[in-house]
Structures are given as structure tokens and as C-alpha cells.
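So the structure is just underneath, and the comments pick up after that.
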2 protein chains.
Amino acid sequence: MESKEQPPEGRAAAERAASAISAAIRDSRFGPGQRLVEPELARLLGLGRGPVREALRLLSAQGLVTIERNKGAVVSRASRAMVAEVFEMRELVEGLAARRAARRVAERGCPAALLAALRDEEARCAESDPLTLIDANERLHQLIASAGGGDVARRTLTHLQLPELRTRFFQIMSPRNWRLSREDHVAVLRAVIAGDHDRAEQAMRTHVRRTASLLAELPEGTFP
Amino acid sequence: MESKEQPPEGRAAAERAASAISAAIRDSRFGPGQRLVEPELARLLGLGRGPVREALRLLSAQGLVTIERNKGAVVSRASRAMVAEVFEMRELVEGLAARRAARRVAERGCPAALLAALRDEEARCAESDPLTLIDANERLHQLIASAGGGDVARRTLTHLQLPELRTRFFQIMSPRNWRLSREDHVAVLRAVIAGDHDRAEQAMRTHVRRTASLLAELPEGTFP
DNA sequence: GTTGACGGAAATGTTAGCAATCATGTAAGC
DNA sequence: GCTTACATGATTGCTAACATTTCCGTCAAC
């Protein structure tokens, strides 16, 4: 995940640990059910157990790991039902975020970041590197979640993570689906920039639902 | 501080610290903006800085405290706009939770806890002790959030807390409003028990919106 | 009088080490 | 042969101490 992040120095140890572990989980290098043993991670990351422990608690709040008292942390095992539930929730949360973003644009004008995002999406060609596309997708969703003013929406979103995210995206995102996704993004951004909150919310909900239904069509046995 | 909690022993120190601090914040004994100094809390609670630190991080995820790097934790300062945003979000989240609960009842029958909750609500008289009413209200919302099956809804709700909750309730909940609230609860529970997910969601959203509008009518200067 | 730098105190970030708890494998008993 | 009791190892929970950063008051200089 921090392929292009800052050099490890300059950030706090706990944050480094959190990003590193989070990246490993979302890239499926740490698979569901895998135990995350504190001393082991500490040795791997070259720091003490304190920051690792803190990072694991943080990831637990985000839903990426599950912690049991006196038993330690395990990478969360997301059943099909849980994936559905998370996306049911994301549809509401991201829909509301888009609505709030549009409202804010209507009231205070459009921040440059949204215009830039729209240009990026329109210019993007679906044949790019999938990893780049995945990163850009995440950044866009974060941007819209933050564009509404408060940070309740963004915070809520970060608590709705799923493990193996990137692997799942590789499975469902054919070039055709990337094109559809791009069109969704453009529609959402246009509605937000136009300040049309109803259309913005609807567009975002449609987009999230599309992703959810792609995930739902994954073959049996993909989820534990 | 932990008025009717379990005897402090038997639970982990970090959890004790979290409940104690959380209770103090929601009861306005720690007011918005107040610094929460780790060594001080540790001394107060009779334990080391480790568990206190962990508790503060947890409360930060719940929105009750705000942590800045190298600066420490302060009780969150919820502006009027932030309260509105949180309740906008809660309306969606709790509405979905009620819908999921109703769906589950329709599929698998009604758990006894819901029937008991309905009996309790119907039997409750609005003249009870306000603290009891507040606690019962929280328990009911938690129950419905948990009744949908997965725990994504419940987890999401716990991340949408506000400081000074009890004080605000004391301000807005006149006997008349408690009666209305009770009627809302009964309506939600009846819809859930009947397995009518549309009505359940609508009833819950109406209920949350009522609370939000009561909070919105608080006099100027109530929020920072 | 105001601004700036400097120094000390306090709080946070981090590490290392000890105590308590849980899992595992082994051996004894039925 | 299967179950149960037990001992050992490993891991988590917690505390205490160290390092680093920030904040605040003081003092000098302009």
C-alpha cells in the first residue's frame, strides 16, 4: 500500500505499522484467519510491540482484524453475508457523503480538487495498470467523502473496510467493468459539481450497488 | 463513574478505563475541549499509562475524543453542524439496522429479546427516573442494531457517539417528549416484530429525526 | 512595548521487561 | 483406545523506565 508513500521516517511508528499491516491485509499477503502475532510483526517491522499493538487495535476498529481478549488478533474473515452487509452500509454512507458534497458545492462553490478529479476520470483510459486504477478509485471515494464538510462521513467510511480488497478487485474488474466504473464516477462528480444533491446521491448509490453486485457474483467458495 | 457496571475486577484494565472515561464524557463530567492527560487519568483510575492510552485510542475511534500527534487527547467539541451530521448518519444507519432486523425476523422468527423489549416499552411510565430512561433508550437502540444478524450496523453505530449525550437528553426530554419517544419505540418494535422492513426503517428514521430536531432546537450557545 | 530566542518542565511516543493467561503436547488412568 | 490431568511453551496484558517533542515562562534585544 505504501508503494509510493513517504519514506518510513517522518511518520510515527504506530502509523507506519498500521499502514504496513493494513496494506498486507488488503493485498491478501495476510489472508483471512491468519494470526497476527505481536512480537513477530514487531520484529518484521523493526520496532517494539507497543506501536504494533496500537496499530492492531486501530485496524480492529476498521474491521480488518478481529481481536479477542488474551487470544490476539486475526485477519478478519469476511463471509459473503458480511460483504453484503458492508456494502449495504456503504451505499447509504457514500450516498449521503455525495449528497452532502453536492449541497456544499451549491452553497460555497466548487473546490478545485473536485474539478481536477473529474478531469482525471474523463482522461483516464481503462487500459492503465490495475493497481493504479484501484488506488485512484480509493482516492476518489475518499475525496467525495471528505468534500461534504464535516469528517463524520469519512470517518464512518474508514470503519467499513474489508480484507482482500485488492484481490477481489482484480477478480471483478474486467476492462469493461472499469469502463462502467469510470462512467459512474464521472456521473457522480458531474452531479456533485452541479450541486444537484439528489442526483449525486442516486449516482453514488448506483455506483456502490454495481460494485456490490459484482462482488456478489463471485464464484462459490471465494468467501469462507 | 461506572455506576451500574460490572464489578471492576474480571474485566481488563483497558476496558475498565474505556468505560470509565466514556461515561465521564457522556455525563459531561469531562467537558468538550478538556485535555485528557494520560498520567493523570492513570493515577485517577489506579493503573498504568498503557491501558489508559489504549482506552483513549478506542474513544477516539468512537468520536468521543480527538487525538493529535504529540499533543494528546481532548474531549471532542461537537459543533451544532457536527451534531447534525452525526444524526443525519444515524438516521441512515439505524434505519438500515431496523430494516435488517425486520428482514431477519421475517426469515427466522422473532427472538425473545425483541418481544421483551416491546413489553418493557409498553409498560414504561414516563415518570421514571430520567437516568433509567436514558439507559433504557440506549439499550434499545443497541438491541435493534444487533438484531439484524451481522455486527456491521452495531459497530458503525458505536463509531457515531457524541459527548455530553446525557446532559443533552436532560435538556430536551420533557415528559411529553419521553412519551413521544416511547411511542416511536413501540412503533419500531412492532414493525420489526411483524417483519415489515419498510415500515421498520421508516419508523426508526422518523424516531431518529425527531431526536435530531429536538437537539437542533436547543438554544444558541449550547454548542461551541 | 513588542518580538524573538532560549531553557526547563511536562506530556507524549517508544522500548524493554515482568506477570498472567491460553494453547499444545505428553503422560497417566480408566 | 480414549479421555483427562498436567506441565511446558508461547503470547497477550500490564507496568515501569527512557527518548523525543511540545508547551510555557523568562529574558534579552530591537
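Data overview
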quantity: Tally, over region B:28-47, of residues that are within 12 Å of DNA strand D (Cβ to nearest atom) and either assigned to a loop (DSSP other than H, G, I, E, B) or not assigned by TED's automatic domain parsing to the domain that holds B:S60 (or both); calculated: 3
quantity: Selection from region B:20-57 of residues that are open to solvent by 20 Å² or more (accessible area, probe 1.4 Å), of a type outside the set (G, A, S), within 28 Å of B:E138 (Cα to Cα) and touching a strand residue (DSSP E or B) at 6+ places or on another chain (Cβ under 8 Å); calculated: B:F30, B:P32, B:Q34, B:R35, B:R57
quantity: Qualifying position, being of a type in the set (D, E, K, R) and without any contact (Cβ under 8 Å) to a residue 60 or more places away in the chain, among A:E183, A:E201; calculated: A:E183
quantity: Leading residue by the ranking (surrounded by the fewest Cβ atoms within 10 Å (Cβ to Cβ)) among those in region A:178-200 that are out of contact with any Lys or Arg (no Cβ under 8 Å at 6 or more places or on another chain) and within 20 Å of A:D135 (Cβ to Cβ); calculated: A:E183
quantity: Residue count for region A:58-70, restricted to those that are within 12 Å of DNA strand D (Cβ to nearest atom) and either crowded, with 22+ Cβ neighbours inside 10 Å or not assigned by TED's automatic domain parsing to the domain that holds A:R16 (or both); calculated: 1
quantity: Residue check, A:L160 among the hydrophobic types (A, V, I, L, M, F, W, C), open to solvent by less than 50 Å² (accessible area, probe 1.4 Å), within 14 Å of chain B (Cβ to nearest Cβ) and closer than 23 Å to A:P32 by Cβ; calculated: yes
quantity: Out of A:A145, A:A136, A:A153, sole residue that is at the interface with chain B (Cβ under 10 Å from one of its Cβ atoms) and under 22 Å from A:L64 (Cα atoms); calculated: A:A153
quantity: Residue within region A:202-214 that is closer than 21 Å to A:G109 by Cβ and surrounded by 14 or more Cβ atoms within 10 Å (Cβ to Cβ) present; calculated: yes
quantity: Residue match in region A:62-72 (condition: within 11 Å of chain B (Cβ to nearest Cβ), within 15 Å of the chain's Cα centre (by Cα) and either away from DNA strand C (no atom under 16 Å from the Cβ) or not small (G, A, S) (or both)); calculated: yes
quantity: Hey, B:A73 crowded, with 19+ Cβ neighbours inside 10 Å, within 14 Å of DNA strand D (Cβ to nearest atom) and either modelled with pLDDT of 95 or more or within 17 Å of A:D151 (Cα to Cα) (or both) or not; calculated: yes
quantity: Residue in region B:128-144 that is open to solvent by less than 30 Å² (accessible area, probe 1.4 Å) and within 26 Å of A:S76 (Cα to Cα) present; calculated: yes
quantity: Among the candidates B:R80, B:R108, residue that is within 14 Å of chain A (Cβ to nearest Cβ), away from DNA strand D (no atom under 16 Å from the Cβ) and either among the hydrophobic types (A, V, I, L, M, F, W, C) or closer than 30 Å to A:E201 by Cα (or both); calculated: B:R80
quantity: Of the criteria (1) outside the structural domain of A:T132 (by TED's automatic domain parsing); (2) charged (D, E, K, R); (3) crowded, with 20+ Cβ neighbours inside 10 Å, which one A:E85 fails; calculated: (1)
quantity: Unmet criterion (only one of (1) more than 15 Å from DNA strand C (Cβ to nearest atom); (2) buried (at least 18 other Cβ atoms within 10 Å of the Cβ); (3) of a type in the set (D, E, K, R)) for A:R16; calculated: (1)
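This table checks each residue for (1) crowded, with 22+ Cβ neighbours inside 10 Å; (2) at pLDDT 95 or above.
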position	(1), (2)
B:S79	no, no
B:R90	yes, yes
B:E94	yes, yes
B:R103	no, yes
B:A106	no, yes
B:L114	no, yes
B:A117	yes, yes
B:E121	no, no
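The values are calculated or read from the model by the stated rules, or taken from the named source; none is laboratory data. All of these numbers come straight from a predicted model, not from anything done at the bench. Note that we place each Cβ from the backbone using ideal geometry, even for glycine, and neighbour counts take in every protein chain shown. The area values use the complete protein model at the heavy-atom level, side chains included, leaving out ligands, DNA and RNA. Shrake-Rupley method; radii C 1.70, N 1.55, O 1.52, S 1.80 Å.
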